[in-house]
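Inspection log for the structure reproduced underneath, given as structure tokens.
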Amino acid sequence: GDVVARIGGEGFAWIMPEADGIAASAAAERARVAAVEFPLPVAARSTLTISAGVCDLLHASSPDELVRLADGSLYWAKAHGRDATYLYSPSVVKELSAQERAARLERQQALTGLRALARAVDAKDQSTREHSECVAELAARIAGELGWGDESRAKLHEAGLLHDVGKIGVSDAILFKPGPLSPEEFELVKEHAELGARIVREALTPEQVSWVRGHHERWDGNGYPDALMAEECPEGARIMALADAWDVMTSDRIYTSARLSETDALAECRAHSGTQFWPPAVDALASVLARP
């Protein structure tokens, strides 16, 4: 008797006529775990996650109210780290006002458009098709190793998905040039970090925008676009810079030599720890890679 239906761009409703809130929450949690454990193709190199909000008729007196409160629980799950199931309770889930919901919907719509743009950039080249997803996932894992909380890691993941969106303003002839870039061409490529920050600033927080802008800064101050030195660069940008470089080193690219093994790539990161990369991030990366 259950019914599942799409109700939004990435949203689904699951109606369970014979279940109370606890049983429905348990079912949603089983689905969430099953999604996380689902064996994706190796080529995808990403993780599928689900955020779920649950409400039952104990707290809702009409179908519209049931959907509204379940939706509030879903927003609560997304705002508190994602990849979680929340059962509606007045003492736990703060119901969003109509103004807050409108603002969040507008931001979500903007993010959906930007993610489509980022995917379009990645899809230009078969070798970079999953680049943004890989960078976002690895950056979040490194941040977790460094002690970041769930909400902060979710924000870094979100920024990571959009970190290269500025490349939409760089010509394909330069992006996919098989040989070395000329100094003039490299200056054009460097503009993508600043352009990306301008593109995402209406949808992301100022902190997230600084991570996108700074993902090519270096620990020794020789990065771009602002040549930030050491702690002048936001921590999220330092982490993203390492995750971005790691994916480039371990992937087949038109403009680089053959990809490195994880062992060789980690050795390369260690060799540039303290110059190109923030040393604690390199240590955290090593810990992440050591896990099965």
GNM on the chain, C-alpha springs below 10 Å: top fluctuator among Ala203, Ala123, Ala143? Ala123
Quick check for me: using +1 on Lys/Arg Cβ and -1 on Asp/Glu Cβ, what's the dipole size of the range 174-268 about its Cα centre, in debye to the nearest 20? 260 debye
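Heavy-atom accessible area per residue, the chain, 1.4 Å probe: how many Å²?
Accessible surface, normalised per residue, equals 53 Å².
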Taking 0.36 nm per residue of sequence separation and subtracting the Cα-Cα distance, how much length would be gained by fully extending the chain between Glu191 and Leu58, in nm to one decimal? 42.4 nm
Measure off 7 Å from each Cα along the Cα-to-Cβ vector at Phe38 and Thr205, then give the distance between these two points in nanometres to one decimal. 3.0 nm
Interchain or sequence-distant (5+) residues whose placed amide H lies within less than 5 Å of the amide H of Gly53 are Leu74, Tyr86
With everything on Cα atoms, drop me the angle between helix 63-79 and the longest principal axis of the chain, reported from 0 to 90° to the nearest 10. 30 degrees
In debye to the nearest 20, how big a dipole does the chain give about its Cα centre with +1 on each Lys and Arg Cβ and -1 on each Asp and Glu Cβ? 260 debye
Assign one of three labels to the range 174-239, namely rounded, prolate or oblate, based on the Cα gyration tensor with a ≥ b ≥ c the square roots of its eigenvalues; rounded applies when a/c is under 1.5, prolate when it is not and a/b is larger than b/c, and oblate otherwise. oblate
Spacing of the two label points (7 Å from each Cα toward its C-beta) at Arg30 and Leu111, in nm: 2.9 nm
Heads up, the range 107-235 by the C-alpha gyration tensor (a ≥ b ≥ c square roots of eigenvalues; a/c under 1.5 rounded, else a/b over b/c prolate, else oblate) looks oblate
Most mobile listed residue (Ile142, Ile50, Ile22) in the chain, GNM with C-alpha springs under 10 Å: Ile22
How big is the range 1-82 along each principal axis, measuring the range of its Cα positions in Å and listing the largest first? 46, 27, 21
Hydrodynamic calc, the range 152-292: Kirkwood Rh from Cα pairs, then Stokes-Einstein at 25 °C with viscosity 0.890 mPa s, so D in µm² s⁻¹ is 157 µm²/s
Could I get the Rg over Rh figure for the chain? Both from C-alpha atoms, Rh via Kirkwood, rounded to two places. 1.02
What are the residues whose amide H is under 5 Å from the amide H of Phe277, where those residues sit 5 or more places off or on another chain and H is modelled from the backbone? Trp219
Expressed in nm to one decimal, what extension gain is obtained for the pair Asp150 and Ser261 from 0.36 nm per residue of sequence separation less their Cα-Cα distance? 37.0 nm
Taking the 0 to 90 degree range and rounding to the nearest ten, how far is the long axis of helix 235-249 tilted relative to the main principal axis of the chain, both from C-alpha atoms? 70 degrees
If one builds a Gaussian network model of the chain from Cα atoms under 10 Å apart, the most fluctuating residue listed among Ser91, Ser73, Ser132 is Ser91
Working from Cα positions, state the angle (0 to 90°, nearest 10) between the long axis of helix 131-145 and the longest principal axis of the chain. 80 degrees
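The values are calculated or read from the model by the stated rules, or taken from the named source; none is laboratory data. What you see is a predicted model; the values in this text were computed from it and never measured. As a convention, Cβ positions derive from the backbone with ideal geometry for all residues, glycine included, and neighbour counts pool all protein chains shown. For the accessible areas, the whole protein counts, side chains as well, though only heavy atoms, and no ligand, DNA or RNA atoms are used. Shrake-Rupley method; radii C 1.70, N 1.55, O 1.52, S 1.80 Å.
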